[in-house]
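For reference, the structure discussed in these notes is given below.
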Amino acid sequence: MDFRRKFEFGLAWRTILLVAAILLVAKAVSVPSVRAGLIVAVLIALAALASLWNFIRRTNFLVSRFVESVRFDDYSQRFSDPSGGGFDVLGQTLDEALKGLQRRHAEETAEVRYLSAVVDDAPSALLSVESDGRVHVLNKAARQLFARQPLNRASDLETLGPELAAAARLPAGTRKITRLLLDGVPQKAIFASAQVARLDRPVTILSILPVQSELGALEIAAQADLVRVLTHEIMNSLTPVTSLARTGADLVATAARGDDRFCDAKSATETVARRAEGILRFVESYREFAQAPEVHRRPFKAKAWADEIMRLALANAGGRDIDARVEVVPETLSVDGDAELLSQAVLNLLRNAIRATADANAPVLALALSREPTGHCRIEVRDSGAGIPEDRREDIFLPFYTTHKGGSGVGLSFSKQVALAHGGSICALTAPEGGANIRMVI
């Protein structure tokens, strides 16, 4: 209000002065004999006009400079004007307005940086799909997850597997557990989609969170609990039966000395005792499955480790002529893990592969180690056997499930435990050699 009063006062007296000067000029013109007065009147009129023009121009200049500063986000400008006429008040008002804009701009910039950091560090991989089909990777998790599978168009989602591509075509708001393929390895993931507007255009946001290792760990824990309960109950019931069977067998054996009438009873009771003891040992062996392996990580050289494991596996191959290959890329590769646990797991896989190639004419066995772009280590055991049917590739990792006569069904389950204990995963694929490819990533 102070600026308004000063501005109106300054504008009023300059306007009055200009009108008076014009009237004076008109009066001087009507009196031809007063030439000097005419000149003075004209000069006064010009001075009044210049003063009024400069007064209005200064106001326009300050306001236009303020607008330009706001337009180009230049908050360094200041408008203080000590010349009076209300312009000092106007300058202070514009300075305060610019400082307020600068403060709000700084707050908004900090909020944008915060939200950008939240999106970039979000644990779920985030993708945006625009209405024209363009795909953008939005955060660090997505860049790491799809490092080897660039996504530029919606059609590129097909490379992540048919299930994920189908889920991406569902309406916004979809949330489900689906399966995606990363480097050919199937993994379960939590998928969710939402729709937002960007410049008045709809954009679909896809969230993908791989949970294969977490689900695998829960599955192993549930299986271990089941085995623990079953073995506990079976052993509680079987231990006295085994003891009584052995006692009965000993008593019958004593009574049967020199008496052929007890021969059949002796044979029967000894058979029961042996079977009971055998079942007890069988159940006891599975109690180890209920104990989660404890991982002691340390770096070790992959090449020397792989060569040693391959030699141990071939030592039990019965002298068969097997084309055994060890592939380590690069040869200086170092693995950060529990060498002993990994040795047991991989040795189980190699023995399975050797059994799988029993009927092959020219059996091939390969142990390959390499580094993933994510920094994880990939361990593959491949063979030239009959392979594993696709509908059974998940079942083979279940405890007690086996396709080999005389197999225990624990080897692959243990390998899965080891992979999960290392924060990784394991799956069955088709090998380039034609047989099975058991891929472990740690």
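The values are calculated or read from the model by the stated rules, or taken from the named source; none is laboratory data. For clarity, every value in this text was computed on a predicted model and none was experimentally measured. Backbone-built Cβ (ideal geometry, glycine too); neighbour counts: all protein chains shown.
Annotations for the structure displayed:
- Here the condition is being touching a helix residue (DSSP H, G or I) at 6+ places or on another chain (Cβ under 9 Å) and either among the basic types (Lys, Arg) or outside the structural domain of residue 303 (by TED's automatic domain parsing) (or both); of 325, 355, it holds for 325 alone.
- Take the conditions (1) surrounded by fewer than 21 Cβ atoms within 10 Å (Cβ to Cβ); (2) assigned to a loop (DSSP other than H, G, I, E, B); (3) in contact with a Gly (Cβ under 7 Å, 6 or more places away or on another chain); residue 295 misses just one of them, which is (3).
- Of all residues assigned to the range 130-145, at least one qualifies as being part of a strand (DSSP E or B), buried (at least 16 other Cβ atoms within 10 Å of the Cβ) and out of contact with any Asp or Glu (no Cβ under 8 Å at 6 or more places or on another chain).
- Within this structure, residue 365 fails the test of being at pLDDT 80 or above and in a helix (DSSP H, G or I).
- All of (1) without any contact (Cβ under 8 Å) to a residue 60 or more places away in the chain; (2) farther than 19 Å from residue 210 by Cβ hold for residue 178 with one exception: (2).
- Members of the range 154-175 found to be under 26 Å from residue 439 (Cα atoms) and either in contact with a helix residue (DSSP H, G or I) (Cβ under 8 Å, 6 or more places away or on another chain) or in the same structural domain as residue 393 (by TED's automatic domain parsing) (or both), listed by number: 157, 158, 164, 165
- Matching residues, the range 333-389, being among the acidic types (Asp, Glu) and either out of contact with any His (no Cβ under 6 Å at 6 or more places or on another chain) or over 20 Å from residue 307 (Cα atoms) (or both): 336, 340, 359, 372, 380, 383
- Only one of the listed residues (93, 59) is closer than 30 Å to residue 109 by Cβ, at pLDDT 70 or above, assigned to a helix (DSSP H, G or I) and assigned by TED's automatic domain parsing to the domain that holds residue 109. That residue is 93.
- Check on residue 17, in a helix (DSSP H, G or I), of a type outside the set (Val, Ile, Thr) and at pLDDT 70 or above: yes
- Selected residue (criterion: surrounded by the fewest Cβ atoms within 10 Å (Cβ to Cβ)) from residues of the range 324-348 that are among the aliphatic types (A, V, I, L, M) and within 12 Å of residue 418 (Cα to Cα): 339
- Complete set of residues in the range 304-323 that are in a helix (DSSP H, G or I) and surrounded by 18 or more Cβ atoms within 10 Å (Cβ to Cβ): 305, 306, 309, 310, 313
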